[in-house]
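What follows is one structure encoded as structure tokens, with my remarks underneath.
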Amino acid sequence: MIEALQFEFMRNALTAGLLASVICGIMGTLVVVNRIVFLSGGIAHAAYGGIGLSLFFGWPYLLGTVGFSLASGIVMAAVSMKARHRADTVIGVIWAVGMALGIILIDLSPGYNVDLMSYLFGSILTVPKTDLLIMLVMGVLMALLAAYYYKDLLALSYDEEFARIRGVPVKALYFGLIGILAVAIVMVIQVVGLILVIALLTIPPFIVEKYAKSLLQMMLGSSLLGALFTVAGLWLSYRFDLTSGAAIILVSGTFFFISLLIDRTRILAKVR
């Protein structure tokens, strides 16, 4: 891996992956403990609608995609709070319609031919320095927000009723969490792709949750584990000439199934 770092594109890719790991480590922890993985997946897929709108109307990418994702996320959050028994259905519909709308609008965009696979798996090897700067600012901002609202987020994540008793503005905090999640997903999608975002949001926190003793430990552990997956995946992609995003996802998935196997082995050992 050291020899690969002589190339600027590999250094940029590694930096982008590490920044994405930190962002997803913080937000992914909140996603997992609040059990909104499906909702985060819905936002990520619905972001396609914003991409399509941006291309079709000639809007700036961030303006159209963030706006559409925020609107979709707020609708999903409102439904999940008011009608939990119907939330999965509504999220699934918005997920599908948003993605289909985006693809159709991209098809109809005059004189523009875009590779949809680049939005699925990203183009981490071609990340410009401007995107790295944006991700750095976002990572710092999210870390500061998580630190400032840590106690409220902790109460919301583990006991919503207790949070209300403590005077935590549960509804406002929840909608704020979804809004920040939507922005984070859009920012990271353009660098590492939709599928890798979902993998980094869910797999590291799922693995770390069993060993972490606090929400902070879970955030730190998830960020470090995501960074490990990123470095390993980039090394495999460089060594064997593989697609970088897919390689990182496969490394993450391998560790996910290993963790399940370890859990299963422990349960069987206790039974015996």
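Tabulated data
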item: Mean separation of Cα contacts under 8 Å (6+ apart) over length of the chain, as relative contact order %; result: 31
item: Region 154-224 - convex hull of the alpha-carbon atoms, volume per residue in Å³; result: 93
item: Å² per residue, accessible surface of the chain at 1.4 Å; result: 50
item: Size descriptor, Kirkwood hydrodynamic radius, that averages inverse alpha-carbon separations across the chain, Å; result: 19.2
item: The chain: most fluctuating residue of 96, 47, 20 per GNM, C-alpha cutoff 10 Å; result: 96
item: Those lysines that a straight Cα-Cα span of less than 28 Å connects to residue 82, excepting residues fewer than 8 apart in one chain; result: 151, 171
item: Anchor residue 270: lysines whose Cα lies under 17 Å away (excluding residues fewer than 8 positions away in-chain); result: 210
item: Using a Förster distance of 35 Å, the FRET efficiency for residue 97-residue 261 (Cβ separation, nearest 0.05); result: 0.40
item: Where Rh is the Kirkwood radius over Cα pairs, Rg/Rh for region 61-191; result: 1.03
item: From phi via Karplus (6.51, -1.76, 1.60), per-residue ³J(HN,Hα) for region 211-222 in Hz, x at Gly/Pro; result: 10, 6, 9, 7, 5, 5, 4, 5, 5, 5, x, 5
item: Region 210-272: mean projected area of Cα convex hull, nm²; result: 5.1
item: Heavy-atom accessible surface of the chain: percent carbon and sulfur, 1.4 Å; result: 70
item: For region 52-64, Karplus couplings with θ = phi - 60° (6.51, -1.76, 1.60), whole Hz, Gly/Pro x; result: x, 4, 4, 5, 5, 9, x, 7, x, 3, 5, 4, x
item: Unit Cα scatterers, Debye sum, region 35-74: log10 I(q)/I(0) for q = 0.17, 0.31 Å⁻¹; result: -0.39, -0.93
item: Derived scalar couplings ³J(HN,Hα) [region 132-137; Karplus, 6.51 cos²θ - 1.76 cosθ + 1.60; whole Hz; x for Gly, Pro]; result: 5, 5, 4, 5, 5, 4
item: Whole-percent pair-distance distribution, where bins are 5 Å wide, for the alpha carbons of region 157-272; result: 2, 10, 14, 17, 18, 15, 10, 8, 4, 1, 0, 0
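The values are calculated or read from the model by the stated rules, or taken from the named source; none is laboratory data. It should be emphasised that the depicted structure is a prediction, and the values quoted were computed from it without experimental measurement. We place every Cβ from the backbone using ideal geometry, glycine too, and count neighbours over all the protein chains shown. With ligands, DNA and RNA removed, areas are computed over all heavy atoms of the protein, side chains included. Shrake-Rupley method; radii C 1.70, N 1.55, O 1.52, S 1.80 Å.
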